[in-house]
Every structure is written in C-alpha cells, then in structure tokens.
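The values are calculated or read from the model by the stated rules, or taken from the named source; none is laboratory data. No experiment lies behind these values; they were computed from the predicted model shown. Ideal geometry is used to build each Cβ from the backbone, glycine not excepted, and the neighbour counts take in all protein chains shown.
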C-alpha cells in the first residue's frame, strides 16, 4: 500500500475531476464505503442507535452520506459539530437527508447531545478530515471527550478528528476510533505515532479515483508488504553450499553483553547464512561458544574494560577483506575511545556491505560524516534515541518527524536507515521510504534489536542488496513477533522465542 500526504490527495482529486469524476461522486462512494463497514458491525453486534458527528466541511458531507445510507437499517442521529454545513457538497447532502434522521446542533443543545452520545451503540466521526492543522475547538473537544468515554463502537471517517494527517501529531483531544476507513490510500497519521494509537483497525477504501492516477501519484511512503510482493524471499539453489550461502563476520559483544552477540548470531544462522564468523573479546568466547555451536570464533585481544581492543583492527581488516561477504558491527560492542576508533577505522576501510547497529551507531554519533568514507553500502539500525544523537535533535523531535528524519539522513549520508519503533521506517539513499506494519508491543524488550540486526546481516551476506535485506528483515522480524504474541502473549514473549519461531515461519 502507498502512504500519501494530504496535498497529494488533493492533487489526485483534481486529476480525477479532469478525467470526468466529480467530487460529488467521490463523496458518495466515500460515504458508502464507511456505511458498508458500519452496516457489517451493526448487523454482527445487533446495534440500534447510531450517531454521526458532522463538521461543516466536506468531511461532514461524507458524514451526511453515511447517515443517509445507515438510516435504511437503524435509528440515526446527526450531531452538527460546527453548525450548518458550509461547503457546497456538504450542503447538498445535508439537504437530502431523510426526514427520519434526527439532526441536533451541538452549539445549541449541548445537554441533549450528551444524552444522545451516552445512549449510542455506534458513533461515527466525520468532523474533520486530512485538512485539519490545529487543535479542536472547545465545542468539538467536548463532543470528542463524551464519545471517548462512551462504550459505543467508534468509526473515524478518513482520519480521527484532532489528528494532523501529514505528521501524526496530536496536540489536544482526539477521537479514539476502533476503526478508521481511509480513502484512496493510507495517510502518514495512520502509520506514525502517536496518531496511529487513535486510529484502531485501519482499512483503505477505493472511492472512485482512477487507478492510473493513484499508481502515478507522489507518495510519502510505501508499506513493506508491497515491496515484498514484487521482491519475494528467494530460495537458494539445490546445488548451494555453505560458501554460496554467504559468510557473515559478526563483530559484536563485550564483557557483560555476551547475549547480544549470541542473539544476533543465532538469528543470522536461522536466516540461512552459510557460515557465521564471530569476532568477540576473548573473555566472553567460552560463553558464546556454548550457545553458538555452528559458528566459527575469532577471540580477539580486549581492553581492560572487556571491550575489543583497537589492537585487533589489523586482524579484523584481514577477515573482512578475505573471509566474509558482509559485516555486522555493533551488537553489545560497548562504548569507549577504543571502540569509537575501531568502528571508524572499520567503516572507512571495509569493502563489504555492513549492518551498523547499537554501539556501532553510538560510536559515530559525534561525527556521522564517517559514514561517507565507506567504500561499501551501509545499513544503520538506530532506535529513536540513537537517531536523536546522530542528528543532534531531541528524541521527541525525531518521533514527531520519523519518516522525514530517516529519509533526510539516508539521503544526506548515502546509507539505508532503519529507524526502529512501532511501524519501523526504512529509508533508502535514493529517497524512497518504506513503513512496516507487522509487529507488536511484545517486541519492546532488550535483545529484540539484536535479533533484527542478525537477520538483516544474514540476508545481506547471502547476496541481497541493502534495501532487500533491510525490508525483508524488518518485515519478517515483525511477523515472528506477531506469531510469538499469539503463542505466548505480549507480556511473556522473549526475543529468543522469535528465533525459535523462525523454524516455522520460514
């Protein structure tokens, strides 16, 4: 699926008009799509009293269409959130509402509206659409607060009122939907947070914009599943051997952080790499070797703090040049001057594609221009805090502008950025951005990122290009998380469970 900003939606609507599709037709089909979902729920749950909040613009016009359709099967009340309709299309659909529909102006009958909301089985929000850029006024805020307290099923039309569509920002009260029907395409607010938490289950309805126009529009993001439909995970040839399935050099782990090297290594092996070579401080070698029985180990000289010493650089450089097809650098690597020097040296001299994770990222936050010195592709996998340190922005600013932050950094430094979090963002150096919709909150545990990094590096070592490796890893990492949540619950699932689940998912 594509994710489209509000300005491009308006462009598509104008293009559809030029092709002969009227805005009245688009509104009728939009209203019908929401009414169809509502009717299914009404029938399933045997609901009787439906309330539709209508604004005074075209989103309110959609609401009038919905009310008209639903009045054929149940009792419908329309609450005017901002007085009488003002747009021509909204007026048109308001004027043809059946007499059986009760219409109440909230400004004039606040107490009556509160009673209606309290008695409703379903509330449909058609106050504001994707053009909203502010905070709700006191009257709309009151309606939304009453609705959110209600036990009624809640459906948002295109986007919940109170959300800024292009950024996902929520500055005040916001309608908390159980379901959202988005028109034509997903909007950024459906896949970014905090707004995504208010959208509930999101579906996309075709409302009459010709497919040719949609296919050629300028989109903000695409979803990972769309990419994978065109680039499915390939199986190795029957004649494959361990050499043809790639060799991954994992430079990970430190005293106290052996688990990061183990989890990333196990994930890499389960994802099909032919040979895993693990370079780690000699002190933790016995711990890791007890778990990673299929790996080859390079115990390295370590510093007094249990970190890989800069004195190991020459050996690592030889390994990268001669004995691997990709490098994983950073999981549990630790932090310090030696590590910063080592990471910078490895980035600037590597001739093999690299995944830079965790402490590998922390090592370059003082000077991310080091990334430009690489002679091979690099994927970085920051969480929001690491992204904040890389960009010099507050974490809250990164979270408010997730896809723009990732896109701009990828373009500026020529790397693939995997900005982790709910609905992980994958930004490519060419400006394309993907958003992942698999995964769940049970994955928010230490070690989950190590599993992701190991998967990604494994795919990279097997010959995938960086965008394929990043997107496949993020997508399947989420699928594994979803499978584990079904089996164990979000509370009890662990990153190691996700590795075990690879046996069945792949």
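Screening residue 300 on (1) farther than 24 Å from residue 418 by Cβ; (2) surrounded by 19 or more Cβ atoms within 10 Å (Cβ to Cβ); (3) not assigned by TED's automatic domain parsing to the domain that holds residue 430 shows it passes everything except condition (3).
Just name the residue that is farthest from the chain's Cα centre (by Cα) out of those in the range 350-359 that are outside any loop (DSSP other than H, G, I, E, B) and under 22 Å from residue 463 (Cβ atoms).
354
For the range 267-278, what are the residues that are assigned to a helix (DSSP H, G or I) and surrounded by 24 or more Cβ atoms within 10 Å (Cβ to Cβ)? Correct list: 267, 268.
A Cβ distance below 6 Å, combined with a sequence gap of six or more or placement on separate chains, defines the contacts here; from the range 66-78, residues that are over 15 Å from residue 104 (Cα atoms) reach no residue that is surrounded by fewer than 21 Cβ atoms within 10 Å (Cβ to Cβ) and modelled with pLDDT under 95. Can residue 202 be described as closer than 14 Å to residue 130 by Cβ, surrounded by fewer than 21 Cβ atoms within 10 Å (Cβ to Cβ) and either in the same structural domain as residue 427 (by TED's automatic domain parsing) or at pLDDT 95 or above (or both)? In short, yes. For the range 215-233, the set of residues classified as touching a helix residue (DSSP H, G or I) at 6+ places or on another chain (Cβ under 9 Å), over 15 Å from residue 9 (Cβ atoms) and in a loop (DSSP other than H, G, I, E, B) consists of 231, 233, listed by residue number. Taking (1) without any contact (Cβ under 8 Å) to a residue 40 or more places away in the chain; (2) more than 25 Å from residue 27 (Cβ to Cβ); (3) in contact with a helix residue (DSSP H, G or I) (Cβ under 8 Å, 6 or more places away or on another chain) in turn, residue 164 satisfies each apart from (2).
Of all residues in the range 440-454 being in contact (Cβ under 8 Å) with a residue 24 or more places away in the chain and not in a helix (DSSP H, G or I), which is nearest to residue 474 (Cα to Cα)?
Residues of the range 440-454 in contact (Cβ under 8 Å) with a residue 24 or more places away in the chain: 440-443, 445-454.
Cutting the leftovers down to not in a helix (DSSP H, G or I) gives us 440, 445-447.
Values: 440: 12, 445: 16, 446: 16, 447: 15 Å.
Residue satisfying both the conditions and the ranking: 440.
Select from the range 188-214 the residues that are out of contact with any strand residue (DSSP E or B) (no Cβ under 7 Å at 6 or more places or on another chain) and either farther than 21 Å from residue 22 by Cβ or in a loop (DSSP other than H, G, I, E, B) (or both) and list them in ascending order. Even if it seems obvious, please write down each step before you answer.
Taking the range 188-214 first, the residues out of contact with any strand residue (DSSP E or B) (no Cβ under 7 Å at 6 or more places or on another chain) are 192-193, 196-197, 206, 208-214.
Hits for the range 188-214 are 192, 193, 196, 197, 206, 208, 209, 210.
Within the range 360-383, being part of a helix (DSSP H, G or I) and over 15 Å from residue 456 (Cβ atoms) holds for 362, 368, 369, 370, 371, 372, 373.
Picking from residues in the range 307-330 that are modelled with pLDDT of 95 or more and part of a loop (DSSP other than H, G, I, E, B), the one that is surrounded by the fewest Cβ atoms within 10 Å (Cβ to Cβ) is 309. Residues in the range 231-280 that are over 18 Å from residue 294 (Cβ atoms), over 28 Å from the mean Cα position of the chain (by Cα) and outside the structural domain of residue 302 (by TED's automatic domain parsing): 237, 238, 239.
Quickly run through the range 124-158 and pick out the residues that are in a loop (DSSP other than H, G, I, E, B) and more than 17 Å from residue 57 (Cα to Cα).
Residues of the range 124-158 that are in a loop (DSSP other than H, G, I, E, B), as a first pass: 127-137, 150-152, 158.
150, 151, 152 - these are the residues of the range 124-158 that are in a loop (DSSP other than H, G, I, E, B) and more than 17 Å from residue 57 (Cα to Cα).
Tally time: how many residues in the range 105-127 are surrounded by fewer than 18 Cβ atoms within 10 Å (Cβ to Cβ) and within 28 Å of residue 164 (Cβ to Cβ)? Total meeting the criteria: 4.
Any chance the range 334-352 includes a residue that's in the same structural domain as residue 470 (by TED's automatic domain parsing) and out of contact with any helix residue (DSSP H, G or I) (no Cβ under 9 Å at 6 or more places or on another chain)?
First, the residues of the range 334-352 that are in the same structural domain as residue 470 (by TED's automatic domain parsing): 334-352.
Still in the list and also out of contact with any helix residue (DSSP H, G or I) (no Cβ under 9 Å at 6 or more places or on another chain): 336.
Checked the range 334-352: at least one residue is in the same structural domain as residue 470 (by TED's automatic domain parsing) and out of contact with any helix residue (DSSP H, G or I) (no Cβ under 9 Å at 6 or more places or on another chain).
Restricting attention to the range 206-233, the residues being over 30 Å from residue 27 (Cβ atoms) and exposed (fewer than 11 other Cβ atoms within 10 Å of the Cβ) number 3. Of the residues in the range 332-342, none is at pLDDT 95 or above, closer than 21 Å to residue 461 by Cβ, in a strand (DSSP E or B) and in contact with a strand residue (DSSP E or B) (Cβ under 8 Å, 6 or more places away or on another chain).
Counting only residues that are touching a residue at least 60 places away in the same chain (Cβ under 8 Å) and assigned to a helix (DSSP H, G or I), the range 384-439 holds 4 of them.
Only one of these is crowded, with 21+ Cβ neighbours inside 10 Å and either at pLDDT 95 or above or under 17 Å from residue 112 (Cβ atoms) (or both): 68, 86, 48. Name it.
On the way: 86 fails: crowded, with 21+ Cβ neighbours inside 10 Å; 48 fails: crowded, with 21+ Cβ neighbours inside 10 Å.
Answer to the selection: 68.
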